[in-house]
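Engineer: Mind looking over this structure? Questions follow.
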Amino acid sequence: MIDFGFDKIALIGAVALVVIGPERLPKVARTVGHLLGKAQRYVADVKAEVNRSIELEELKKMKSSFEDAAHEVEKTVNNEIHQTTSDLDRSWSEGTYTLPADSGQHEGLSTPVPEYKHPKKKWRLKRGAMPQWYKQRHGIRGKGSRAPRAWPASGRLGR
């Protein structure tokens, strides 16, 4: 930018005062100020637009690189799944043994499934319980009382 010092601005102001005149100088100065403000806003808008377009291009490049990486990961995972599936099928076919129908043995469970027993927990009681931190914070004593203490800390009524 052009470097204007105080002495140069004063010289320009004095020349403008002589050329334009004292009556029209405030109006001309106001108009020049508005035009300079518009020019600065226009330059700022152009800079912002250029920055946005550069960021958009960078985001597009990042998106394409992430998509490429995702496709590579997908291919690798699919290859591993297919390889593992084929290994499992091969080992399954090698290890499969069928019993003859008249052998009297069967391929079910060797031990019976245990019967379900209810845990007999008092979950309704626990669900309604008041946490200790709540009791301490609000000064609640006792197991069943939800009201705050009615007695003073000394234990006597304050009469």
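The values are calculated or read from the model by the stated rules, or taken from the named source; none is laboratory data. Please read these numbers as outputs of a predicted model, since none were measured by experiment. Here the Cβ positions follow ideal geometry from the backbone for every residue, glycine too, while neighbour counts run over all protein chains shown.
Engineer: Is it the case that region 35-54 has a residue that's modelled with pLDDT of 70 or more, loosely packed, with under 10 Cβ neighbours inside 10 Å and either among the basic types (Lys, Arg) or assigned to a helix (DSSP H, G or I) (or both)? Working first, answer last.
Structural biologist: Looking only at region 35-54, we keep the residues that are modelled with pLDDT of 70 or more, and these are 35-54.
In the following step, the residues that additionally are loosely packed, with under 10 Cβ neighbours inside 10 Å were identified as none.
The answer is no, given that none of the residues of region 35-54 is modelled with pLDDT of 70 or more, loosely packed, with under 10 Cβ neighbours inside 10 Å and either among the basic types (Lys, Arg) or assigned to a helix (DSSP H, G or I) (or both).
Engineer: Kindly indicate whether residue 63 is under 30 Å from residue 15 (Cα atoms) and basic (Lys, Arg). Show your work before the answer.
Structural biologist: Working: under 30 Å from residue 15 (Cα atoms): no; basic (Lys, Arg): yes.
No: the conditions fail for residue 63.
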